[in-house]
Amino acid sequence: LGQKVHIYDEVDSTQTIAHQLVASGAPEGTIVLAERQTAGRGRMGRSWHSPSGKGIWMSLILTPRIPVYFMPQLTLLSAVALCRAIQKVCQVEIGIKWPNDLLIHGKKVSGILLESSGEDERLKYVIAGIGISVNLSVEDYPEELRSIATSLAIESGSEVSREGLVQAFLLEFEEMYALYLEKGFAPIRLLWEALSVTLKRPIRTSTPSGFIEGIADSLDDTGALTVISASGERIKIYSGDIELK
Ligand code: BTN
């Protein structure tokens, strides 16, 4: 991974560039990095705050020949790789909130967005979009994000090398991806569970048919979260956001 690296000063979104690169034949492992994004994308149609020179705004092209419904597993794999890389590079207590938000002291420091297209039964390609708030200071965040978002520098008390972290992430990702392609999701699931700040905790999520509340119990083979409600019902959550209570 990372044999081909495209670095930009400003883009709308590194995801868009990565999709274009795939269309023009870029191989698996190609990465796109930008100093700033003018229209950074988050999950569920949200935007992603991507100020200049302070973060890692990166997209990674993958071409795993796996069934489409395994995509959530790759999302969880990315979170494991990123969490391990951050733990190696800076001494912070970091954990994963299902499915793939990385939290330090309850605040979000990094997010992952997987996009695929040209699907048939098997995935043709996936773009893993990684956003890490590395050296942002409190003033770099708009007021409304200050209580929910943080950066590695704020939490560790010192600047963190973006190059070092990209390198650490690619190494971890390569290791996790090889493990996944060889042994399947089971070992990744164990690693995810060990890093999770979600399991065994009360959570709440909203669905089109109302709120679900309960204790987050476990991950299933597809990466869905099983929640046990007060009445003992087991409910699976396949996508969306949860709130830790
Ligand atoms: C989220 O938590 O909602 C996911 C955020 C993903 C942000 C990254 S930054 C690099 C890549 N380009 C984008 O436009 N988004 C992802």
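State whether the residues of region 230-238 include one that is at pLDDT below 95, aromatic (Phe, Trp, Tyr) and surrounded by 11 or more Cβ atoms within 10 Å (Cβ to Cβ).
Among the residues of region 230-238, at least one is at pLDDT below 95, aromatic (Phe, Trp, Tyr) and surrounded by 11 or more Cβ atoms within 10 Å (Cβ to Cβ), which makes the answer yes.
Here is a yes/no grid of residues against (1) surrounded by fewer than 19 Cβ atoms within 10 Å (Cβ to Cβ); (2) in contact with a Pro (Cβ under 9 Å, 6 or more places away or on another chain); (3) touching a residue at least 60 places away in the same chain (Cβ under 8 Å):
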| position | (1), (2), (3) |
| --- | --- |
| Gly55 | no, no, yes |
| Met58 | no, no, yes |
| Thr63 | yes, yes, yes |
| Ala85 | no, no, yes |
| Ser116 | yes, no, no |
| Val134 | no, no, yes |
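Only strands (runs of 3 or more DSSP E) wholly contained in region 1-66 count here; list those with 3 or more residues that are modelled with pLDDT of 95 or more, more than 10 Å from the ligand (Cβ to nearest atom) and not charged (D, E, K, R). Give the steps one after another, and end with the answer.
Numbers: elements: 5-11, 31-37, 55-62.
Per the criteria, 5-11.
Among the residues of region 210-220, is there at least one that is assigned to a loop (DSSP other than H, G, I, E, B), polar (S, T, N, Q) and either within 17 Å of the chain's Cα centre (by Cα) or not assigned by TED's automatic domain parsing to the domain that holds Ile104 (or both)? Give the derivation first.
Applying the first criterion (assigned to a loop (DSSP other than H, G, I, E, B)) to region 210-220 yields 220.
Adding the requirement that they be polar (S, T, N, Q) leaves none.
Looking through region 210-220, none of the residues is assigned to a loop (DSSP other than H, G, I, E, B), polar (S, T, N, Q) and either within 17 Å of the chain's Cα centre (by Cα) or not assigned by TED's automatic domain parsing to the domain that holds Ile104 (or both).
Of the conditions (1) in a helix (DSSP H, G or I); (2) within 23 Å of Thr16 (Cβ to Cβ), Leu76 clears all except one; give me its number.
Looking at each condition in turn, Leu76 falls short on (2).
The values are calculated or read from the model by the stated rules, or taken from the named source; none is laboratory data. Everything quoted here is computed from the prediction, not taken from an experiment. When we count neighbours, we look across all protein chains shown, and the Cβ atoms used for this are built from the backbone with ideal geometry, even at glycine.
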